[in-house]
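A quick write-up on the structure given underneath.
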Amino acid sequence: MNWQHLVYFCKIVEKKNFCKAADCLYITPSTLSKAIRSLEQEIGFPLFEKQGRNSILTRYGEQFYPYVHKSLSYLDEGLEHIQTELGILKGHVKISGVYTQCAEYLPVKLKQFRELYPDVSFEISYHVSGLILDFLQAGKIDLGFCGDFDIDSPDFQDIGHLTLKTEELIFIVPKGHPLSRERYIDFEQMKDECYIAYRNNSAGLNHLLMNICRENGFSPKISYEVFDDYAVVQMVAEGLGIGLIPDNSYLLNSNVSVLRFRENAPVRTLYMIWKKNDRYLSPIANIFKKFIEEKPYL
C-alpha cells in the first residue's frame, strides 16, 4: 500500500475538498484523484462521494480513516524518536495560543528554541482558551497556551498545566465616556454600564467577568458577546460598551481609555497545557515542552 496515497487520503478528509487538498499538497487535482482511485482499487471499496462542491467520506471511508490517521501518526512518531536518538532533531509541533501569548510570549520562546533546534518547524494558531482546550483533548494540537480554566473540573483531569504568568485586569471605556477622565475606579461605578462580554467558550475571561460581577453584587448587562480580547477592544473603541481585558499594550489603541481598579485588582493566569499521558506527545513536542518547563519566564 502506497504510504503517500494514505497521506493524500487524510488531507482530503481534513479539507473536505479535492482542490483544496491538492493545493496544500502542491499537486494537481487530477494527480490527487488518480492517487485516490488507485488506493480505492487496492483496498476494494470507495472512500469518498460528492456532496455539492465537497467530498465526504463513504461509510467505509469513515471506518477506515481513524486507522489510517493513527497509523500515520505512529510512523511520524517513530521517525522522530529515532531521529532524536541519533541527535537529528527534526519534526513539526502544533501549538495554539490566546492572542496575548501569540503576540508576546511565544515569539520570544520560539526564537530561543530555534537557536538550539533550527530544523524543527511549528504550526501556530490563535484561538480562545475554550477552543484551545477542545483542540488539545481532540488531539488536534500538541501543546496549548491558554488563560484561566477550571483546573479541578473532572472534564480537565487529563490536562497537565504549567503557570507562565499572571496579568492584571483593567476596564476600558470609549474616549469621551463620562468615566474616561478617571484613572482608578471602584466596581460600584461600573454596575450600570453595558458590557462587551466574551462568548462562553472563551473560557477564562468570560468566567472571570461573571465571577467578578457576581462577587460585587450584580449581573453585568451584556450588549454584545465576542470571542477574544482584541474584539472587545475594537467594540469598545466604537462606543458599543465597556470591557474587562488583560492589561497588555498589544491590545490597546488610542480610542479607548484605561481604568484601573482602586484596590484588589483581579488577575488572569496564563498556562502552558498538554495531555498528561506523554504518549500523546511526539518526541520533538516533548522536547519543546521540557524547554518551556525549564525556562518558563521571559
request  = Kindly check whether there is at least one residue in the stretch 174-187 that is more than 19 Å from P246 (Cβ to Cβ), among the charged types (D, E, K, R), crowded, with 16+ Cβ neighbours inside 10 Å and within 20 Å of the chain's Cα centre (by Cα).
outcome  = no
remark   = Among the residues of the stretch 234-265, the number that are farther than 24 Å from Y105 by Cβ, assigned to a strand (DSSP E or B) and touching a Pro at 6+ places or on another chain (Cβ under 9 Å) is 2
task = Can you give me the number of residues within the stretch 1-40 that are under 21 Å from K70 (Cβ atoms), without any contact (Cβ under 8 Å) to a residue 60 or more places away in the chain and aliphatic (A, V, I, L, M)?
result = 8
key: Matching strands (runs of 3 or more DSSP E) fully within the stretch 1-111 where at least 1 residues are among the polar types (S, T, N, Q) and surrounded by 18 or more Cβ atoms within 10 Å (Cβ to Cβ)   = 54-57, 91-97
key: Set L252, L270: member being at pLDDT 90 or above, within 21 Å of L169 (Cβ to Cβ) and not charged (D, E, K, R)   = L270
query = Which is aliphatic (A, V, I, L, M), over 30 Å from A237 (Cα atoms), touching an Asp or Glu at 6+ places or on another chain (Cβ under 9 Å) and at pLDDT 95 or above, of L89, L162, L143?
reply = L162
remark   = The residue that is farthest from N286 (Cα to Cα), considering only those in the stretch 135-147 that are touching a Phe, Trp or Tyr at 6+ places or on another chain (Cβ under 8 Å) and surrounded by 15 or more Cβ atoms within 10 Å (Cβ to Cβ), is G147
From D192, D229, D155, residue being acidic (D, E) and touching a helix residue (DSSP H, G or I) at 6+ places or on another chain (Cβ under 8 Å) = D229
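The values are calculated or read from the model by the stated rules, or taken from the named source; none is laboratory data. A quick note: this is a predicted structure, and the numbers were derived from the prediction, not measured. Here Cβ is always computed from backbone atoms with ideal geometry, including for glycine, and neighbour counts include all displayed protein chains.
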